[in-house]
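Structure record follows, encoded as C-alpha cells.
Each value in this text was obtained by applying a stated rule to the coordinates, not by laboratory testing. Remember, it's a predicted structure, so these values are computed and weren't measured experimentally. Cβ sites come from the backbone with ideal geometry, for glycine too, and all protein chains shown count toward neighbours.
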Amino acid sequence: MVDQQKEVWDKLWSHKVSYRWDSLSQVIYDTIRKWINPIQNLNILEAGSGTGKISLRLAAEGAQVTLVDYSAKALDNSREAFGHENCQGTFILSDIRNIQVTDNKYDLTWNAGVLEHFTFEEKVNILKEMDRITKPGGIILILTPFAKCLPYRVGKAYAEKQGVWMYGVEEPVTTLVNEFESSGIPLLSETDIGFVNSLDFLDFIPQSDIIKQSIIQWYQELSAEDQNFFPGYLLVSVGKKEE
C-alpha cells in the first residue's frame, strides 16, 4: 500500500503545482504561528512536505526550514519555488518513518495532510521519529482531516465513488490521542479548524456551487459560539517533547 501511495504523490506532484497563497494555507499558517511565535531563526522541519508552500512562507519570515518528503518530484517543485523567491531551505529525500536527520535538532516538527495515509502502527512510528528529532521542550504539530467534518466526508465519498479522488488511501481521524500516547509524546491540545475550507470538497459534486456559497454566507453570519457546533476540516493535534 505504501508503494502505491508513493506513486499517487509522484503522479500528483508531476503536474503543475500552484504556489498561490490560499485560505487553507492561511488557516494552517495561523495555527503554526499560534504555537511558535516569533519564528525568526527557529529550526522547523516539515515531515511529508508536499508542495512546501507553508514552509516557504516560514522561510521568507526568517525561519530555518527543512523539508522532508519521499517524493523526489515534490522536493524538486519546492526547490524551484524557494529559488524563485530567493529563500533558503534544506531538502531531504527520506521516508518520514526513518527521517535522515540527527536527534534533538528542531524547535518545531510538523505536517498537514500526511498521517491519514498510514496505519496506526505507522502513525506511531512517524510520531516517534518526529519526537526524536525535536529539541527537548519543542513542539510536534499534526494536522489531519477530521472524520466529524460533514462537507469533507460528503465530497470525498462522492469523488471516490466517481473514481476521481486523487489522494489515494485516506482515512480521516477523530483523534490522535492513542497515537500520541503510544509514541510517548504528551498531548497538549486537540482542536479542529477550517470549516469553510471543508466546503471546497463539495466542488467534486456537480452544480454544488450555489449550495456551497449559501452555506458560507449562513456560516459567516453565525456567532462564534454557534460556529463551534460545526467541526472543521482539520484536526489539530499538538504535543510537546519532554525536557
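At-a-glance table
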| item | result |
| --- | --- |
| The chain, helix-only ellipticity at 222 nm - DSSP H runs n ≥ 4, -39,500 (n - 2.57), divided by all residues, nearest 500 | -12000 deg cm²/dmol |
| Total charge dipole magnitude, the chain, about the Cα centre, Cβ charges on Lys, Arg, Asp, Glu only, Debye to nearest 20 | 340 debye |
| Built amide H within the under 5 Å cut-off of Tyr106, gap 5+ | Thr134, Lys135 |
| Rg to Rh, two decimals, where the chain supplies the alpha carbon set and Rh follows Kirkwood | 0.95 |
| For Met130, Met166, order by how many other beta-carbon atoms lie within 10 Å, fewest first | Met166, Met130 |
| Along each principal axis, Cα extent of region 1-91, largest first, Å | 39, 26, 23 |
| FRET efficiency, 1/(1 + (r/R0)^6) with R0 25 Å, evaluated for Val154 and Asp226 via beta carbons | 0.75 |
| Intensity falloff of region 113-167 expressed as log10 I(q)/I(0), Debye formula with alpha-carbon point scatterers, at q = 0.13, 0.18, 0.27, 0.29 Å⁻¹ | -0.48, -0.74, -1.09, -1.16 |
| Residue-wise HN-Hα coupling along region 59-75, computed from phi with Karplus coefficients 6.51, -1.76, 1.60 (Hz; x: Gly, Pro) | 5, 5, 9, x, 7, 9, 9, 10, 10, 10, 8, 9, 9, 4, 5, 4, 5 |
| Which of Glu129, Glu179 has the fewest Cβ neighbours within 10 Å, and the rest in rising order | Glu129, Glu179 |
| Cα shape, region 19-152, gyration tensor, a/c 1.5 rule | rounded |
| Cut-off under 5 Å, modelled amide H: who pairs with Gly138 long-range | Lys241 |
| Rounded to 10°, Cα long-axis angle of helix 150-162 versus longest principal axis of the chain | 90 degrees |
| Neighbour-count ranking [beta-carbon atoms within 10 angstrom, fewest first] of Trp218, Trp110, Trp21 | Trp218, Trp21, Trp110 |
| Considering only region 132-243, percent of DSSP beta bridges that pair antiparallel, nearest 5 | 95 percent |
| Cβ-placed point charges (K, R +1; D, E -1), dipole of region 1-98 about Cα centre in debye, nearest 20 | 160 debye |
